[in-house]
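Take a look at the structure set out below.
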Amino acid sequence: MKAVDPILKVENLSLTTIDHKPLVNDVSLSVGSGESLGLVGESGSGKSLTLRSILGLLPSSIRQAGGKITANGKCAMVFQDPIGSLDPLSPIVSQLAEVVYYNQNVSRKAARTIAVDLLQMLGLPESLKHKDRYPRQLSGGQCQRVVIAMALARKPDILLCDEPTTALDVTVQKQILDTITNLQKELGFAMVFVTHNLAVASAMCGRLCVMKEGRIVEQGDTMQVVGHSKDPYTRMLIDAVLPLPSLERRAE
Amino acid sequence: MEQSLHVENVTVTYGGFTALKQIHLELPVQTTLGLVGESGSGKSTLARVIAGLITPAEGRVMLGSEELGKRRSRQQRKMIQMVFQNPDSSLNPKHTIKQIIGEALLFHKIVDRSQVENRCRELLRMVHLDEHALNRYPHEFSGGQRQRIAIARAISVEPSILIADEPTSALDVSVQKSVLELLSKLKSELKLTMLFISHDLGVINAISDTVAVMRKGELVEVSSKEQFFTRPETDYGYELLSAVPRMPL
């Protein structure tokens, strides 16, 4: 509908294991510049594999059996496990400065300054400027901010997020999601957001793709998919979101 | 026979770190208490103190008028059973389902050896698993099925209190719903008192009668479910509830 000139296009993607067991079948999707697409589904639906194949990060036991992926821009990815995606032996400012140095064509010294600024923009403490810290000295939420900073250091046109808040507490999840939304408004990157949480996907993305057993069962505008889903599997996912009573506004 | 559980002034320290600070909590008979809080708030530590897996530095756990001390009798241990988050690591991969459930039955002398197989079949039926499961191994089952097996083992010894520590967090949403329904059903059929731990407020709302909120080792709020989800007493409860992503309507 909106994606007239898509920045990312996946056409008829098929992925199999090396012994030809199909994992992802005939998946087609496109993302327009600055747009957000949510990929939702349960475990084993192929959502993460689809995302990884965009970056060419497939596990060695999985092959692309067909289809074409075209990305007209730089991609960067944010993974689920923030602590596992950072080098435990390198302090975070140094770690981020390294990424800035190799991606932004600046001096080592300038890279460090950019790194510190970027970390502050993501809400990490100012003290990092004087005293660098190791990943284990930060909380999970802080580590995830560092990982997002690293992805942004590449100045991506497309940000790929693989369950970036699943390992975090709800309050931290909200902060990280708000951060991503604000950054997207500011920097204008397109986003593919993989999550099993339909509520998170609907809050973050204008369009949704629902995946089941390696296929897309439904895709469209978020309000359309959530409000008037056609597929029984989508309905089941919506029904499985446990409702909460609405919170009364506090008199303050 | 039915006695409520009291946690009185319990403090737990790990080295210099205080994991629980003077916790007072009551679990009324045949109700479900939902325990919420962020990671590191002490939810699991409290569960482990109640189950007797951790000895508190101060305070005590009372079941009716009986103190559950450091050395618990077999009978005392039988009364409180636990289901953990990760069914993979709570089931012995080298034992068949019959061995896993049978061992609990024999240890607590619930039935005679000759009756073990029948009783295992019954238990599997209660958790909606086929009796062919008996001679199979944990790896042959899905995550949701394995959690059902862990539940079957926990209820096999006829406990009065069931502690479920994030029992559905490792499961897909559709499976989560069926495990929650199973736990509610078993709770009323077996007249269980349940302590249900979860960081997921949707899950807590679905299963609890009372909600207790923990933060940094302290119990900050205990409210009825109805009150907590609409008018939480504390700012922190309000903050937690407003952070939950909700479906657009």
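No value in this document is a laboratory result; all are computed from the given coordinates. Bear in mind the structure is a predicted one, so any value in this text is a computation, not a measurement. As a convention, Cβ positions derive from the backbone with ideal geometry for all residues, glycine included, and neighbour counts pool all protein chains shown.
Descriptive notes on the structure:
- Length released on extending from B:D112 to B:E26, taking residue separation times 0.36 nm less the Cα-Cα span: 27.4 nm
- Pairwise label distance in nanometres, A:K131 with B:R246, each label 7 Å out on the Cα-Cβ vector: 4.2 nm
- Helix axis angle, A:140-153 relative to chain A longest principal axis, alpha carbon, degrees: 90 degrees
- The charge dipole of the protein assembly as shown, taken about its Cα centre with unit charges on the Cβ atoms of Lys, Arg (+1), Asp and Glu (-1) only, comes to about 980 debye.
- Of the residues B:A150, A:A240, B:M62, the one whose Cα sits farthest towards the positive end of the charge dipole of the protein assembly as shown is B:A150 (charges of +1 on Lys and Arg Cβ, -1 on Asp and Glu Cβ, taken about the Cα centre).
- Note on B:K225: aspartates and glutamates with a C-alpha under 19 Å away, same-chain residues under 8 apart excluded, are A:E248, B:E26, B:E38, B:D165, B:E166, B:E181, B:D200, B:D209, B:E233, B:D235, B:E239.
- Nearest 10 degrees, 0 to 90: helix B:173-189 Cα axis against chain B principal axis: 80 degrees
- Look at the dipole of the protein assembly as shown built from charges on Cβ: of A:G46, B:H199, A:Q184, the Cα furthest out on the positive end belongs to A:G46.
- From the alpha carbon centroid of segment B:58-133 to that of segment B:185-229 is 23 Å.
- Stretched out straight at 0.36 nm per residue, the stretch from A:E213 to A:E186 would grow longer than its current Cα-Cα span by 6.1 nm.
- Cα-based shape type of chain B, given that a ≥ b ≥ c are square roots of the gyration tensor eigenvalues and the cut on a/c is 1.5: oblate
- B:E233/A:D231 FRET efficiency (R0 60 Å; Cβ-Cβ; nearest 0.05): 0.90
- The alpha-carbon of A:K185 sits under 17 angstrom from the alpha-carbons of these lysines, leaving out residues fewer than 8 places away in its chain: A:K155, A:K174.
- Nitroxide proxy distance, nm - points 7 Å out along Cα→Cβ at A:I18 and B:N86: 2.7 nm
- The label point for A:I69 and the one for B:E131, both projected 7 Å from the Cα toward the Cβ, are 5.0 nm apart.
- For A:R207, the amide hydrogen comes within under 5 Å of the amide hydrogens of A:S36, A:G38, A:T222, counting only partners 5 or more places away or on other chains and with H modelled in the peptide plane.
- Over chain A, volume per residue of the alpha carbon convex hull, in Å³: 153 Å³
- For segment A:115-133 and segment B:147-174, distance of Cα centres in Å: 43 Å
- Residues A:M223, B:M126, B:M82 arranged by fewest to most Cβ contacts within 10 Å: A:M223, B:M126, B:M82
- In degrees, nearest ten, helix B:143-156 long axis to first principal axis of chain B (Cα): 80 degrees
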